[in-house]
Structures are given as structure tokens and as C-alpha cells.
1. If we sort 385-393, 579-587, 209-217 on the protection proxy, mean other Cβ atoms within 10 Å, highest first, what's the order?
2. Report the net charge of residues surrounding Thr376, where surrounding means a beta-carbon distance below 14 angstrom and charges are Lys +1, Arg +1, Asp -1, Glu -1.
3. Direction-averaged shadow area of the convex hull around the Cα atoms of segment 272-389, nm²?
4. For segment 209-328, what is the number of Lys pairs with C-alpha distance below 17 angstrom, counting only pairs 8 or more positions apart or on separate chains?
5. Taking the square root of 5 times each eigenvalue of the Cα gyration tensor, what semi-axes in Å does the equivalent ellipsoid of segment 209-328 have, largest first?
6. Please get the size of the charge dipole for segment 388-476, origin at its Cα centre, with Cβ charges of +1 on Lys and Arg and -1 on Asp and Glu, quoted in debye to the nearest 20.
7. Give me the net charge for the shell around Asp170: Cβ to Cβ below 12 angstrom, other residues only, Lys and Arg +1, Asp and Glu -1.
8. Where the centre of each part is set by its Cα atoms, how far does segment 397-441 sit from segment 157-191, in angstrom?
Amino acid sequence: MQSDRLAIQMRMAGGVLLIASFAAAIGYVVATGVVQFWFGHAEPDFLWLARNYFALKGYQPDRWVIVNIIIVGFFCGGLLVASRVVQEQLTRFGTTHWMTKRELKRKNFFGDARTGFVLAKTALPHKKGDFIISGRFPHCLLIAPTGAGKGVGFVIPNLLSYKGSAVVLDVKGENYEKTARFREKMGQKIYRFSPRDFDKPSFRYNPLDRIKRFTNPAQRMSELEKIATLFLQTEDSMAASFLPNSRSIFVACGMLAYEQGDLTLGRIHKLAFGGDDNNAKFKGYAKIVKDRSAKLIFQTLGATTEKTLSSYLSILNSSGMEAWQNPHTCAVTDVSDFDFSTFRKRPQTVYLTTPFTELKAISPLIRLFFSDLLSTLMDHEPGDDEPFPVLILMDEFQRIGRMPIVAESISLLRSFGGNLAIVTQTIPDLDAVYGEQVRKTLQGGAGIKLYLTPSEPDTIAELSEAVGMTTKRVVSKSKNIKDGLFSNNLSERTEEHPLLTRDQARRLPREDVVIVVDGDMPIRAKRLVYHDDTTYKPLYESQDFKSPLPQPPHAITEADYRYIEIPEDKAEKDEKKSKSKKKKKDAEAAAAAKRDAEIQAQEQEAAVTSEQPAPAAAPPLSDENDLIRKAAMRRKQKQEQQSSLPLPEVSQEAGTISLENAGLAHLQIFTLADKAAKTLAAAQQAAETPDQAGETPEAES
């Protein structure tokens, strides 16, 4: 078939030359007529020019040049007509072709690497060539499987050349190690935000800092609701119906945390999950929160059954708040060491680094991080004091969960000074997170799609279709047998054909990249390798790798950790309560026994005193005042004696004196009153009969 195709091509070339030769012959005839007209020949002689061609050059060179122009002009015209005829047959279906260097230059793909994405090169890395820059297109979608070289061919080259600010999701932290010193040497402030690096210090970032600036409580609640929608997500369809209520808990706790002067995710987590009685907890919050909307939410939660509340809290935890169970995550999100609102004013770079194994665990925080960045940039268009664009590079985009704000803002972000680069491994990865429709929105908004050696079938099919269709000539061969003789028949036709077939896409050489441009021809170019490239290698090696990397102003230690109070186990709590009741009951019984013993001893002492013989009569009292004074002194002594006895205890449960203790108290009062009456009667009798003083018993008896 290849030989047949070659034969067809040779026949086509022969036909083109034949037409061009015929056109040249016509040009010769015209040139002969012109020459004979110059010399006044009456009879036409078509061979005259051939016989005198070189002689004409010698004595009339100007006319000889004109003759040549006529002949060559007709020949070129014949070639043009012939190629036009062939081209018309080949382009009846599609006209897609790979963009040429001339087209790339005309369409400004050889622009300034400092203001756009560096996509590829027109030559191999170690050779001299032009860089292909996405100057006309602000956003890029890079599709590259693991090991395809997206780091060495796209991420690092762009971080070495982009002059504006940059915010990078740096899984494993390699880009930070290889480019941070260079960007610092460019005069940029460098931040490394690493929420789960327990060994190296990290700069801090509070996703809720922006909300603190709002003075209107309704606006604060609105922003908290947006944040709750952005990062609280669940993949469980059964739990999705409870998610709005879980988000309400987040919003209400956020409003309370603001009023308490501690608007952090760690504080919200503590308010939501602290304590063991959820109903009592939310009822208590309803009493202290000032915002009426938050108060209503807390009142509703307080009236909800314990089982339903537990479901709300469980979904709140699993949908995003679980990351703040870790005290280190709480500490690293307490305050902010950088402010996204200044990134267009002063060039600076943030590397959000995380180990690959921790990527899923902190994906809610990553979603909050980039959503806050996009919201801040789109708050207003750049002013005169904000000249720097912001590169937003999101690696492993499919692993951080759904971020609707990215799809919603990609078509508008350019006017707010943002350049977005999304890096994913395959097309199905995006479909699994966003769905086919949103994925197409992302592709359309990107403008540039860069493919590096795809290996997944759906991605290969997507690439082949995205490149487009062209028209190719198809040759078919058949054999006929007639009268024992073979005859070959060749036929040819044109048909629509992919410019890059699926098989070609699957076997794409590692050094090649394919760039699909919206509304234009595709580009096939060579992949960058920064450490082999004649331009980027010197930039990379200009860094002093022995110099220290930027350090945060505060190194987080265990002293910065916030721990949530652990509720007591129910059995342990019941046991403590039982022991407390038993101890209280034993104390009450001991006090009652002591009082009974004291009263019994006093009664026995009184009985013994009454049985003793009457002592010698006391001398008569001088007057009634002395008698009253001594009686008062004796009453005072008795009262002091009684005050030393323990009083009946008040029960904490009933709040009243027990009947048993009340009876004992009444008995003591009656005994003292009886003794006082007897003493006063004896004193009065002694005062009335002073002559019988010897028979009067002593008052002290």
C-alpha cells in the first residue's frame, strides 16, 4: 500500500510538472511574438527565439531579461494552477494542519516569557530554539500523567521566569526547594505554608481573616455561608441531605467565635465539638450570642433531638472540619503572616507544600486557601498601584475536591490580574470530580490545553478529537481475473482523517508536546527540560543552594496547640456521682449520730444532778438585778455550748432540712428552755425567802 501511495504521489507530481511545462510553452510562444514584434518580422517564426536566444542576450540583454520573465512567469502560473487543482481535491473535508513557525510568530506565540506561561520550545532542550509563550491566553490546562515531566517541563521553568506574584500548590515541596531562592533573589517575599510539616517551621495563614474586616453582621454571615459551601463537602449521597444543617452549625459557631474575638477554624471546631451534652451546649450558646440569626440557629439546634444533633456534627466533621482535630493544624491557621490583597501591589510567592500522603487529609484547607485567593483577587479590578499579575499554579487539581469558584471565575479572572494553570493527570479525573459539563467549561476557559504523552484511553481520544480533522487521499487496490489473466485496478479518493490519530497520540514521543489552541490550529513542539535547556539551566544554577531559606517570624511549638476538652465517659461520670452521694449521706449520718450522743449526754447529766442531795444553802442574793445578771450569764454559756454543735446540713438535692435533723433541733431547744425555766423559778424562790437560805438550792444546780 505504501508503494501504491508513492506511485500515486509520483503520478500527481508528474501531472503538476506537465501542466507547468504546458504553461511554459505558452509563455515561449508569447515571448517569441513579442520579440518578432520588436524586430518587425512579418512572418511568424516560432523557432527564431530558440535559434537566437543566446545571441539576443549578447546584444540586447534588457529584452532578453523580459523574454525570460515571460517564460518563467507562465511556468510558475502553471505550477500554481496545478497545485490549486490538487489542493482542491485534498481539502474538500478538513483543513487542519500543525501551526508553522511563521504562523507562530505572526500570532505572537514568541512573546515575553515573563508575562505568560512558557509552554514548549521549537527545538530540543539542548539546542537553540524559540520558546512558545501563551501571551494571548491567560490560562492553561496541563494534562500529564505521572512521570511525564510536568515539573521539569512546565512548573519549574515558569517559576524561574514569571515576574509577577505566584501562589503554588507544591505537593512534596520540590518546587519550593528548587525555585524559592531564585524568586527571593528577584526581590520577592517568599512564604512556605505547610500545615502538616511537623519538623520544619511554617508560615501561618488564617482563612477567616478577611471576614474580620466586615462591620456588617449580615455580610459576615454571608461570607461564612460561602466558605461553608466551598469547603464542607461530602461524597456520601445519604449524608448530603444533612449537610445544610451541618453548615448552619459552622456558620453559627463562626458568628459566636467572632463575638468572642477569636474567629479561627480551631475555635469554631472547639465550639462545635466541645462538651458532651449537645442540647445544653447549643442552648447555652443561644443565651450568650448577640447576633439574632445565630441565636435562632442555636435555639433550633438546642430543641433538636440528641440523635439528630449527633448526625449533624458527624457530617460536619467528616465533610471538612476533621482536619482541625489536629492541634498543629489549629495552630498554623490561628493568624496570617501574609495577605492576598497585597499580591498585586508587591511581588511575592507562596508555596503551599504538603506530603502526598497528607493531601487528602488537608484538602478542605487547600480548597479554602485557593478560594480565599480567588475571592480576594476578584474583589476589585487592579488599580494603578497594583501592576503585578498573579500566577496561580494548582498541581494535582483533581485530588483537592470540588471548587466551583474555579469554574465560575476562570472566564473572568484575566481582568482581575490572575493567570491560572491547572495541572491534572487525565480527563476522567476531572470528570469524576466536576462532571463532564463543568470540565468542558474549564477546558473552554483555559484557552490553552497542553498534553504531555497521554496514556489513558479517554484522554487519548480527547486529544485526537481536539486536534481536529484534515483531508487525506486514500488509495485502494483491487485485482480482477479475466480469461485467466490478472489485472490490477488502483482507485483513489479523499476522505476526512484525524490530523493526530489515537494510535499516534498513544505513541507520542516523550520529547514532543501537543498544544491545542482555542480557535486556531494546533501546535506540535518540543518539551522543555530546564536542567538541559541553554536558557533555563543558567537561571537555575545561579541560585546559592547553601543559603538558608526564608524563615517564619514565629516557629510553632506544642505551647501553641489548642486541645479540645475531652468529655467524661458516661459510666465514669455516673460512678463519680454515686460516690459523691454516698459520701454526702455518710457525712449526714455521722453528724446526726454525734448530735444524738451530745443530747443524750446532756440529758444524763441533768438526771444525775437532780438526784443528788441538796447542797448547803447559798447566801442570799443581794438584789433582783444580780439574780437576773447571773441567769443571763448562764443562758449565754448554754448558747455558746449549743453553737459549738454542728448545725443540720442542707441537702443539695431537695434544698430543705431533713425531718430527722429538724426533730433533733427541736428537742435541743425544748431541753434548754426547760432548764432555763427551772433555774429562774429557783432564783425567784430564793429571793422571796431569804431567811431560809440554807434550804435553797444553788442556782447553778
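1. Working: 385-393: 19.9, 579-587: 11.0, 209-217: 13.6.
Put in order of decreasing packing, that is 385-393, 209-217, 579-587.
2. On the way: positive: Arg210, Lys212, Arg213, Lys226, Arg344, Lys345; negative: Asp209, Glu223, Asp339, Asp372, Asp379, Glu381, Glu386.
Net local charge, Thr376 excluded: -1.
3. Working: hull surface 41.0 nm².
The directionally averaged projection comes out at 10.2 nm².
4. So the count of such lysine pairs works out to 10.
5. Working: eigenvalues 80, 60, 38 Å².
They are 20, 17, 14 Å, listed from largest to smallest.
6. Numbers: 8 positive and 10 negative charges, 73 e Å.
Rounded to the nearest 20 debye, it is 360 debye.
7. Values: positive: Lys172, Lys178, Arg192; negative: Glu174, Glu177, Asp197, Asp395, Glu396.
Summing Lys/Arg as +1 and Asp/Glu as -1 gives -2.
8. 22
FYI, it's all coordinate maths here, none of it is from the lab. Only a predicted model underlies this, so the values are computations on that prediction, with no experimental measurement involved. Using ideal geometry, Cβ is built from the backbone for each residue, glycine included, and neighbour counts are taken over all protein chains shown.
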